Amino acid sequence: MNRRNFLKAGLLTGASLSLPGVYGNYFAKSSSTLAENFDMVAVKNGEPEVMFDRGIEQLGGIKTFVKKNQKVLIKPNIGWDVIPERGGNTHPKLVKRIVEHCYQAGAKDVYVFDHTCDDWRRSYASSGIEKAVKEAGGKIVSGDSEGYYQSVTINGAKVLSKAKVHELVLDSDVFINVPILKSHSSTRLTVTMKNMMGAVWDRGYWHQNNLHQCIADYALFKKKPNLNVVDAYYVLKQNGPRGVSKNDVAVMKSMIITTDMVAADSAAAKLFGVEPDSISYIKIADSMGAGKKDLSALNIKRLIL
Amino acid sequence: MNGSLLRKIRIIVSLLFLSATTLLFVDIYSSVPVSVSNKILFLQFVPSVLKFITAISLTAAGFIIILVLTILFGRIYCSTICPLGILQDIVNWISNKFRRKKRGKFNFLREQKVLRMVLFIIPILFFVFGSALLLNFLDPYSIYGKIAVNLFRPVVAGSNNLAAFIFEKFKIYAVYPFALKGYSLIPFLITAIFFLIVIVMSWIKGRLYCNTICPVGTLLGYISKISLVKIRINEEECLSCGICAKECKSSCIDTDNKTVDTSRCVVCFDCIPSCPTEGITFSNSWDDLFKVNGKKDEEPDRSKRNFLTSASVYILSLSSLAAQVQKKIVVTKPSTKPVFRNVAVSPPGSFSVERFNAKCTACHLCVNACPTQVLQPSFLEYGFLGMLQPRMDNITGFCNFECKACGDVCPTGAILPSELEKKKLIQIGKAKFVKENCIVNTQKTDCGACSEHCPTKAVHMIPFENNLVIPEVRDDYCIGCGACEYACPTKPYKAIYVEGNKVHLTAKKNLELKKQEEVNTKEDFPF
């Protein structure tokens, strides 16, 4: 296996990217009584795993996205050596539930990794995600070694035309992005697009070269998440992305599920209480065609449990 | 007692100690819990003494057990517990494989009494005057630690990474690569020189290091002169054939005069099975001790004493000179605004740079235990006297807020363990912001990597031109962990760095944080 093979695999899976959408329509219409084809599902007032169960149901279940024998990558935010209640990392119960859904849909392998900010082994442990993934039978992988990252080009990017991306991103059939909604000292807010910084090796480059533009650029990369699940259960309202104490956290018990990263970030911003247009990278990504920030154009299913 | 059985027991016990001790230093997966690590190192002599001086407690009483063992059975520490001693036995064993004549390469050698005394007293004087430098260079445990961390650990990491590379091809990620960070040449070279010296000495002369240089060996050696059971020649049985002397890797058996220099004997029991008669035994010596009376020590040698005093004064003055020329550490390469750190940052729990320099023997156990690898062996960052002692290297990593591994493992008490909540407030240094180098200022774009990583939000973002935000440091909350410096992406210079605190302080707890209001989760969505 070498870089070329990874790239090939990346291209093939990239080419099949449009398929989930097609299947999505098919399953949403045929497999349930819900005739509607939703662009986004927003869920509130439940435990993470329950909100995911109910939310994904509206999109025809995980089988809309995951087929038998497929290789799935789940990319949560495991950036920090903090416990779940601190709102620094994606809720472990949510990650666990998604892994379980994938296996129920017949997935061959389910991998989970993040390129962390704090020491990765401590972050994997404190976040509870390592344990949760293992309990569900998933495979937790290190994101800490440059050897795992392959060079790719991003077509249409203004600044970030090249990046080194974790081989699992390129290599998996289905890519599920599971960020946590948080305040952020540099970008004001971190949700789905910002979470992609944990899929690449050199984050410093983004910081050095117009952070907002780089975040938007990466959203154009062909290997996009097939599904985004935004965890807004514990929300770090201030002092993000790491937080200082539990005082920074509001218990919002919410979740957003959609295939469109820009739409996800836009909805998450509103949920957080800021205008999407006040976040530069959302505006830029929208203007570059990475997705739609205008929520009024979307068919949204809203569920309050 | 049966000599060959004793010898076998000695070999098994020593190999157990050596492998357990080595594991602690090359444990890249951090698989050994602190409690186990502390137990394994409990009996290491110099660390235990130092810790006992710092924090008088039973957890540091290992050296007392060693003293008792020595009084009873001689230098058991040297033969079965000291990792450097066992390493030399292994080198010696390998060297025998390369010899045509399998047996008997040693001869009795005269004791280098003056050298032993000098090398015993000077490290103590150094220590009393506030430098652990010579213990760092002479304590066998600390030398072995350096060898294991700087030479063996890279080999372990390399083999692991090769395995990880192969497994990765089969999509198995359970074995993961371990990147050794901040590996610098000079500590590696110094350690390599130590290693070479030890190998050459033991290859040719067995336990020469232990019998002429090692201060622990000298101390325990002189104590074992009065030990209960010792290796002794039975004058009636001994044929003065000299076979045992040729087997003795301590070169301490004088068969012509039928005496054993117990101060150099490391009770390895190699001699007993070699004896064709029962001329050499491991037996009770106190019977004789009480019989012999009036045998006084010789008069003290004045010239030797004078030499000792002048030598130690000379070396002390040399080292204080070296402390004067303490080098400035270049944080970054020269550029628009080069940045210098005036005071090196010592690990949390060391209280002050001075105290740390005085207590740390540079065994590098903490270097391996540190999960972020921010602890790196120094060269001259602390000055000559602190050579090889670990320092916080924020280019390589940063001190993990929730971690206190270094204090937990430190066997000498140079880094004392602290409660996690207390450790989180130990201010080892303060962040300094260099606006001239900051991306927000120079490129007029958002960055904030420093503030992102700051665990206390001492580095927070304040409004700047064009709706941008720029970092500001609040000294009171800063603990000097170096996360900001590590994360700062400016090249080639950092826009934020940590200036060490000579004496560590206590940071204020960030109490400005307002508690978030309860959210009504049944409310409609805002979109």
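Structure data summary
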{"read-out": "Complete set of residues in the stretch B:173-191 that are surrounded by 13 or more Cβ atoms within 10 Å (Cβ to Cβ) and among the hydrophobic types (A, V, I, L, M, F, W, C)", "value": "B:175, B:178, B:179, B:180, B:186, B:188, B:190"}
{"read-out": "Leading residue by the ranking (nearest to the other protein chains (Cβ to nearest Cβ)) among those in the stretch B:466-479 that are touching a residue at least 24 places away in the same chain (Cβ under 8 Å) and more than 20 Å from residue A:207 (Cα to Cα)", "value": "B:477"}
{"read-out": "Residues satisfying the stated conditions in the stretch B:125-148, i.e. in contact (Cβ under 8 Å) with a residue 60 or more places away in the chain and of a type in the set (Phe, Trp, Tyr)", "value": "B:126, B:127, B:129, B:141, B:144"}
{"read-out": "The stretch A:56-72 - residue that is more than 13 Å from residue A:100 (Cα to Cα) and buried (at least 24 other Cβ atoms within 10 Å of the Cβ) and, of those, farthest from the other protein chains (Cβ to nearest Cβ)", "value": "A:65"}
{"read-out": "Subset of the stretch B:25-78 that is assigned to a loop (DSSP other than H, G, I, E, B) and of a type in the set (A, V, I, L, M) - its residue that is surrounded by the fewest Cβ atoms within 10 Å (Cβ to Cβ)", "value": "B:56"}
{"read-out": "Filtered residues of the stretch A:88-143 (kept if among the charged types (D, E, K, R), surrounded by 20 or more Cβ atoms within 10 Å (Cβ to Cβ) and assigned to a loop (DSSP other than H, G, I, E, B))", "value": "A:114, A:118, A:119"}
{"read-out": "Residue in the stretch A:13-24 that is within 27 Å of residue A:191 (Cα to Cα), at pLDDT 50 or above and not in a helix (DSSP H, G or I) present", "value": "no"}
{"read-out": "Residues of the stretch B:364-399 that turn out to be within 14 Å of another protein chain (Cβ to nearest Cβ) and within 22 Å of residue B:496 (Cβ to Cβ), as a count", "value": "10"}
{"read-out": "Residue under evaluation residue B:498, criteria (1) closer than 29 Å to residue B:344 by Cα; (2) free of Cβ contacts under 8 Å to residues at least 60 places away in the same chain; (3) not basic (Lys, Arg), criterion not met", "value": "(2)"}
{"read-out": "Number of the condition not met by residue A:257 [criteria: (1) part of a helix (DSSP H, G or I); (2) under 20 Å from residue A:110 (Cα atoms)]", "value": "(1)"}
{"read-out": "The stretch A:272-305, residues that are surrounded by 23 or more Cβ atoms within 10 Å (Cβ to Cβ) and under 20 Å from residue A:44 (Cα atoms)", "value": "A:272"}
{"read-out": "Residue that is surrounded by the fewest Cβ atoms within 10 Å (Cβ to Cβ), among those in the stretch A:171-210 that are part of a helix (DSSP H, G or I) and within 16 Å of the chain's Cα centre (by Cα)", "value": "A:198"}
{"read-out": "Selection count where residues are part of a loop (DSSP other than H, G, I, E, B), closer than 26 Å to residue B:373 by Cβ, more than 8 Å from every other protein chain (Cβ to nearest Cβ) and of a type outside the set (Ser, Thr, Tyr), scope the stretch B:480-526", "value": "8"}
{"read-out": "Members of the stretch B:417-435 found to be basic (Lys, Arg), more than 14 Å from chain A (Cβ to nearest Cβ) and out of contact with any helix residue (DSSP H, G or I) (no Cβ under 8 Å at 6 or more places or on another chain), listed by number", "value": "B:422, B:432"}
{"read-out": "Complete set of residues in the stretch B:401-451 that are in contact with a strand residue (DSSP E or B) (Cβ under 6 Å, 6 or more places away or on another chain), in a helix (DSSP H, G or I) and polar (S, T, N, Q)", "value": "B:451"}
{"read-out": "Qualifying residue in the stretch A:204-215 (condition: of a type in the set (Gly, Ala, Ser) and either out of contact with any Leu (no Cβ under 9 Å at 6 or more places or on another chain) or within 15 Å of residue A:87 (Cα to Cα) (or both))", "value": "yes"}
{"read-out": "Residue list for the stretch A:212-241, filter: within 13 Å of another protein chain (Cβ to nearest Cβ), outside any loop (DSSP other than H, G, I, E, B) and without any contact (Cβ under 8 Å) to a residue 60 or more places away in the chain", "value": "A:214, A:230, A:232"}
{"read-out": "Among the residues listed as A:262, A:274, A:244, the single one being in contact (Cβ under 8 Å) with a residue 12 or more places away in the chain and farther than 18 Å from residue A:39 by Cα", "value": "A:274"}
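Each row is one residue, and each column tells you yes or no for (1) touching a residue at least 12 places away in the same chain (Cβ under 8 Å); (2) touching a Phe, Trp or Tyr at 6+ places or on another chain (Cβ under 7 Å); (3) surrounded by 22 or more Cβ atoms within 10 Å (Cβ to Cβ); (4) away from chain A (no Cβ under 11 Å).
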site: B:415; (1), (2), (3), (4): yes, no, yes, yes
site: B:437; (1), (2), (3), (4): yes, yes, yes, yes
site: B:443; (1), (2), (3), (4): no, no, no, no
site: B:447; (1), (2), (3), (4): yes, no, yes, no
site: B:460; (1), (2), (3), (4): yes, no, no, no
site: B:464; (1), (2), (3), (4): yes, no, no, yes
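The values are calculated or read from the model by the stated rules, or taken from the named source; none is laboratory data. None of the values given here were measured: they were computed from a predicted structure. Heads up, the Cβs are rebuilt from the backbone with ideal geometry, glycines too, and the neighbour counts pull from every protein chain shown.
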